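Structure first, commentary second.
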Amino acid sequence: MNAELVTELEVRAHLTARARIVSALGPLTALAGIGWALLQPYRITLLHPRGETFWFLFVEPPLLVIAVGLFFHFVIAPGLLEDLEDERATPR
Amino acid sequence: MQPPAEHVHWLFATGFLLLGLCLLAEAVVGTEVWRRRAWRAYLWPGIAFALGVLLWPVMVLYTNSTIHMIAHGAWAQVLMLGAATELGLVRGKLQSRWWRLGMTSVYLVSGIAFLVHEQNPWFFQRSAFLHHLLGWTLVVSAIFPLARSIRPRSHAAAVGFALTFVVVAVLLYCDRDVAPVFGHISPLAGPPHR
């Protein structure tokens, strides 16, 4: 009985760790983008436009990294976490 | 209206970053959980296929040299082929795990194309350095999709496969048309961008 309980707790801890990693991926990516923007503010030409052409104002790499992180966090991660939870709830 | 080459690199980096995050999430939760929703199962092979399609306009519009056109054309074809085999595997139309070798060919052909189409030496300037680095990164990392074909359930292979795309994205984001690398720039490279 105790061994079963230990196994169940181990499985749950493993699933929680996986859920934490999935939850962290988006915010960590966005954070990397913010860090990059702070380190190299000149890569965000929108902050101080000096007659740059369209593409220099449209494609801002740190903002793209932040956008990817937010997209993952708000679009992909929620469903994935739900499915992880379902997997935990489903009896094996 | 044609974007400078460095902007194209950054846009592709964004696609590769999203691809890497999806693959990393799949490696963490496992393929079974990842494929519980149909749209998610097709997501990363779909992104890879779209990136392959988008390489065609790059081939057509950026005609710096014949070798550039051949390199971009080879990337487009091999990325579409690799992604199509993954789509076939997800759909169940393809059964053999050896179809996963399609992505190994993507890594190898892309790596070789990077190395072959970069005519300048490593320290000519930043984009030359990064093209060499990208090429060797992809050639060496081909071990991961190969391991994924031999041992589809290998966690290390899945994580390595995913992280390679993240590393490629980082290197592409670092790319500038003309910029110094480690404080060095060839006088032949031209004035650096800010």
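Points to keep in mind about this one:
- Some residue of segment B:135-144 being more than 14 Å from residue B:26 (Cβ to Cβ), out of contact with any His (no Cβ under 8 Å at 6 or more places or on another chain), surrounded by fewer than 20 Cβ atoms within 10 Å (Cβ to Cβ) and at pLDDT below 95: no
- Condition broken by residue B:38, with the remaining ones in (1) among the small types (Gly, Ala, Ser); (2) away from chain A (no Cβ under 14 Å); (3) surrounded by fewer than 17 Cβ atoms within 10 Å (Cβ to Cβ); (4) more than 18 Å from residue B:169 (Cβ to Cβ) satisfied: (2)
- Residue within segment A:78-86 that is over 17 Å from the mean Cα position of the chain (by Cα) and among the small types (Gly, Ala, Ser) present: no
- Within segment A:29-42, residues that are closer than 18 Å to residue B:14 by Cα sit with their Cβ atoms under 7 Å from residues that are small (Gly, Ala, Ser), at 6+ positions apart or across chains, in these pairs: A:29/A:69; A:30/A:69; A:33/A:69.
- Per-region count, segment B:109-127, residues hydrophobic (A, V, I, L, M, F, W, C) and surrounded by fewer than 18 Cβ atoms within 10 Å (Cβ to Cβ): 5
- Segment B:1-35, residues that are touching a Leu at 6+ places or on another chain (Cβ under 8 Å), within 11 Å of residue B:173 (Cβ to Cβ) and more than 7 Å from chain A (Cβ to nearest Cβ): B:9, B:12, B:13, B:16
The values are calculated or read from the model by the stated rules, or taken from the named source; none is laboratory data. Note that this is a predicted model, so its numbers are computed, not measured. Glycine also receives a Cβ, built like all others from the backbone with ideal geometry; neighbour counts cover every protein chain displayed.
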